[in-house]
Amino acid sequence: MRRRLSAVPVAAVLVVPLVLAAGCSDGGGVRVTVRGDFGRLPDVSFPKGSPGGSLAVKRLSAGRGVAAREGDLVVADYVGYRWSGGGRRLLASSFASGRPEAFPTWSVVPGLRKAFTGARVGSRVVASIPPKDGFGDRGNAARQIAADDTLVYVLDVRGVYPGSAGPHGRPEAPLRDARLPQVAPGGGAPRVTVPRVAAPKDLRVRTLVRGDGPAVRKGQLLAVQYAGFFWRDGRAFSSSWSAGHPNGFMIGTGQVMRGWDEALIGQRVGSRMLLVVPPRLGYGPKGLPQAGIQGSDTLVFVVDVLGAH
């Protein structure tokens, strides 16, 4: 849950959605040469001259994991370039920071959407994306991408999370505390009943499903499903299930509300958690008016920790 209920954090040059483009090639139009192993910074060589005008995608290594579909959240390492007749220039790379990025396939540029579709976890993919499948004939001045720039990306797919993803582990015994919200057992979108008592003043964290994966560490990229409710009336104000896709964010770095940073570090991947977040650990005295959140609101969340990278 970001401080603003908007898009998940993604690679800076990738988030402008355009109209859908034609299908990609089988890789024959990828003119760059890529060397190196999955998970390591690739060596990318560009030929002389200008790039071609067609979208081209090639899978350099075939993964064995889940295949991505349009609408999934994909976690990947990447390096990206802009390329034109004037030469090429590095745009960004996750390999330098050692942290992958979350790519929402429902809102990335069409060329990247095509590049990810069908790619399995463990795959390395290279994509050459002409302007018509990228930022269009206007480019993107804020990102220093000109109208004639082709985008070239090498993508190492580390995780794929569909809208149906949920907890995996051992269900815990039902909560017996009448002062805390009750969550109906099972997966999928949670059904939550908030008690008609005063909200707790401090953060409350309860495990509903104890995940069977590794513990979450500070600075990791998390993929989650979540639903948020008001304590005052039990009404939902935001939900990844309603949106149709999981979210991704960095944990323990201030990218999300403090209550989430404190509650989720140390939890195991696969867990379903109940969080009760007081205002001082949520949106503070100003609240979040665009979401109807008041400065005095205590918030209730159910969070499924799908993956940590």
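The values are calculated or read from the model by the stated rules, or taken from the named source; none is laboratory data. What you see is a predicted model; the values in this text were computed from it and never measured. Please note: Cβ atoms are built from the backbone with ideal geometry, for glycine as well, and neighbour counts cover all protein chains shown. For accessibility, only protein heavy atoms count, side chains too; no ligands or nucleic acids. Shrake-Rupley method; radii C 1.70, N 1.55, O 1.52, S 1.80 Å.
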Report, ordered by the first and then the second residue, all pairs with beta carbons closer than 8 Å, sequence separation of six or more or different chains, a first member in the stretch 124-140 that is free of Cβ contacts under 8 Å to residues at least 24 places away in the same chain, and a second member that is open to solvent by less than 20 Å² (accessible area, probe 1.4 Å) and small (Gly, Ala, Ser). PRO131/GLY139
Can you confirm whether the stretch 133-144 contains a residue that is at pLDDT 95 or above and either closer than 18 Å to ASP72 by Cβ or hydrophobic (A, V, I, L, M, F, W, C) (or both)? no
Give me the residue from the stretch 56-93 that is touching a His at 6+ places or on another chain (Cβ under 7 Å) and in a strand (DSSP E or B) and, out of that set, surrounded by the fewest Cβ atoms within 10 Å (Cβ to Cβ). VAL75
List the number of the failed condition for THR33; all other conditions in (1) farther than 21 Å from ARG120 by Cβ; (2) open to solvent by 30 Å² or more (accessible area, probe 1.4 Å); (3) modelled with pLDDT under 90 hold. (3)
Quickly run through the stretch 210-251 and pick out the residues that are farther than 23 Å from SER97 by Cα and touching a helix residue (DSSP H, G or I) at 6+ places or on another chain (Cβ under 6 Å). GLN225, TYR226, PHE237, PRO246
If you go through the stretch 163-174 one residue at a time, do you hit one that is buried (at least 17 other Cβ atoms within 10 Å of the Cβ) and over 21 Å from the mean Cα position of the chain (by Cα)? yes
If I filter the stretch 280-290 for residues that are touching a Lys or Arg at 6+ places or on another chain (Cβ under 7 Å), modelled with pLDDT of 95 or more, of a type outside the set (Val, Ile, Thr) and not in a loop (DSSP other than H, G, I, E, B), do I get at least one hit? yes
Output the qualifying pairs, or none if there are none: Cβ atoms under 7 angstrom, residues six or more apart or on different chains, first residue in the stretch 244-257 and assigned to a loop (DSSP other than H, G, I, E, B), second residue of a type in the set (Phe, Trp, Tyr). HIS245/TRP106; PRO246/TYR161; GLN255/PHE249; MET257/TYR283
The one condition ASP133 fails out of (1) touching a Leu at 6+ places or on another chain (Cβ under 8 Å); (2) surrounded by fewer than 23 Cβ atoms within 10 Å (Cβ to Cβ) is (2)
Out of (1) out of contact with any Cys (no Cβ under 8 Å at 6 or more places or on another chain); (2) open to solvent by less than 60 Å² (accessible area, probe 1.4 Å); (3) within 24 Å of ASP37 (Cβ to Cβ), the odd one out for ILE145 is which? (3)
